[in-house]
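Asks: Sharing a structure here in structure tokens format.
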Amino acid sequence: MNTLKKKIREHKYKFTNQRQIILQAFLDSRENHMSAEDVYEIVRVDNPDIGLATVYRSLELFTQLELLKKLDFGDGRSRYELNDRNINHSHHHLICLGCGKVTEFSYDFLNDIRDKIKKESGFDIVDYQLKFYGYCKDCAKKNHDL
Ligand SMILES: [Zn+2]
Ligand SMILES: [Zn+2]
């Protein structure tokens with residue numbers, strides 16, 4: 001949280017109480033991929049004065065400051081996750097078409113293809129993210145039982 005605070009101040013934005021509460025929701029949450037609505041549901045329990053519009057604006061600001069990463073899983077809702085480069089490098093998303101659950105998955109495919117791509121096109125890859133669409137264990141079981 002302190003590094004995040006510093007980063008916000010560096011950019012001359014005030015680290016308002018509301019912004020702190022919204023960011024804290026990400027630090028506390030185990031579900032790392034939250035939409036503005038998800039965040040709003042969490043913060044309004046203890047802070048009923050925070051509106052959905054404030055949440056939207058703060059998430060956009062945090063994305064600009066690269067504190068959060070904005071993700072699009074193709075369901076029409078933007079999700080956000082903490083932009084911790086160490087964690088996010090080579091972490092991919094498994095997106096369930098049944099229940100919408102997003103699971104993280106780590107595997108560095110890059111080792112297999114980086115040299116090949118560099119040799120063929122001269123392109124030097126530093127990061128990437130993959131999205132896999134399918135069915136989670138629970139939904140696969142349900143599909144199977146039908
Ligand atoms: Zn599912
Ligand atoms: Zn993620």
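The values are calculated or read from the model by the stated rules, or taken from the named source; none is laboratory data. This one's a predicted model, so the numbers in the text were calculated from it and none came from an experiment. Don't worry about glycine lacking a Cβ; one is built from the backbone with ideal geometry, like all the others, and counts go over all protein chains shown.
Residue by residue, here is whether (1) under 16 Å from the mean Cα position of the chain (by Cα); (2) in the same structural domain as His93 (by TED's automatic domain parsing); (3) within 24 Å of Asp75 (Cβ to Cβ) holds:
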residue	(1), (2), (3)
Asn2	no, no, no
Lys5	no, no, no
Asn17	no, no, no
Ser29	yes, no, yes
His33	yes, no, yes
Arg44	no, no, yes
Tyr56	yes, no, yes
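Asks: Got at least one residue in the range 71-89 being within 16 Å of ligand 1 (Cβ to nearest atom) and either modelled with pLDDT of 90 or more or hydroxyl-bearing (Ser, Thr, Tyr) (or both)?
Replies: yes
Asks: Could you check, for the range 44-57, whether at least one of its residues is of a type in the set (A, V, I, L, M, F, W, C), more than 19 Å from Tyr128 (Cβ to Cβ) and at pLDDT below 90?
Replies: no
Asks: Please specify each residue of the range 115-146 satisfying the condition of being assigned to a helix (DSSP H, G or I) and either over 25 Å from Phe73 (Cα atoms) or touching a Ser or Thr at 6+ places or on another chain (Cβ under 6 Å) (or both).
Replies: Result: Asp115, Lys116, Ile117, Lys118, Lys119, Glu120, Ser121, Asp145.
Asks: Now for a different question. Residues of the range 97-119 being within 16 Å of ligand 1 (Cβ to nearest atom) and either assigned by TED's automatic domain parsing to the domain that holds Glu81 or among the aliphatic types (A, V, I, L, M) (or both), which ones?
Replies: Of everything in the range 97-119, those that are within 16 Å of ligand 1 (Cβ to nearest atom) and either assigned by TED's automatic domain parsing to the domain that holds Glu81 or among the aliphatic types (A, V, I, L, M) (or both) turn out to be Leu97, Val102.
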